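In what follows, a structure is listed as structure tokens, so that the remarks can point back to it.
Read-outs throughout are calculated quantities, based only on the coordinates presented, and are distinct from any laboratory measurement. Keep in mind that what you see is a predicted model, and the values were worked out from it rather than measured. Cβ sites come from the backbone with ideal geometry, for glycine too, and all protein chains shown count toward neighbours.
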Amino acid sequence: MENQQINSGNARVDYEYRRRRNAEEMRHQVISFAISIFLTLIAFGAVLADFGKWFVIPVILLLAVVQVIFQLYYFMHMSNKGHEAPQLFIYGGVIIGFATILAFMTVVWI
């Protein structure tokens, strides 16, 4: 199994390894949270700056996609090993959803 803990037989080494790994993971989550807050402030700034809606809407959607990626990979631990099946289903759903939206937009615009 890929999710098994590494066990060296030395309790002190195992403790230090887990402690270092947890500290690194927490640092990634804090950085991701700070980036998400920054992206939210950019979105609010774009709206408050009174740019045209043809600029603001795509920018907000792009920032939303970036935040979803941060949420999946850092807060929901999708970057860890052993999460290949959920990734497959999420990406498959995104592809099917995108194809469905594209198909409906094509049918409506014709």
Expressed in nm to one decimal, what extension gain is obtained for the pair residue 101 and residue 85 from 0.36 nm per residue of sequence separation less their Cα-Cα distance?
3.3 nm
Going by Cα centres, region 12-52 and region 68-91 are how many Å apart?
16 Å
Choice from 63, 39, 88 with maximal GNM fluctuation in the chain (Cα, 10 Å cutoff):
88
If you fit an axis through the alpha-carbon atoms of helix 53-70 and take the longest principal axis of the Cα set of the chain, what angle between them do you get, 0 to 90°, nearest 10?
20 degrees
Run the Debye formula on the Cα coordinates of the chain, all scatterers equal and no solvent, and tell me log10 I(q)/I(0) at q = 0.24 1/Å.
-1.24
Chymotrypsin sites (Phe, Trp or Tyr not before Pro) lying in DSSP loop within region 21-76, provided at most 13 other Cβ fall within 10 Å:
51
For the chain the mean separation of alpha carbon contacts under 8 Å (6+ apart) over residue count, i.e. relative contact order in percent, is 28 percent
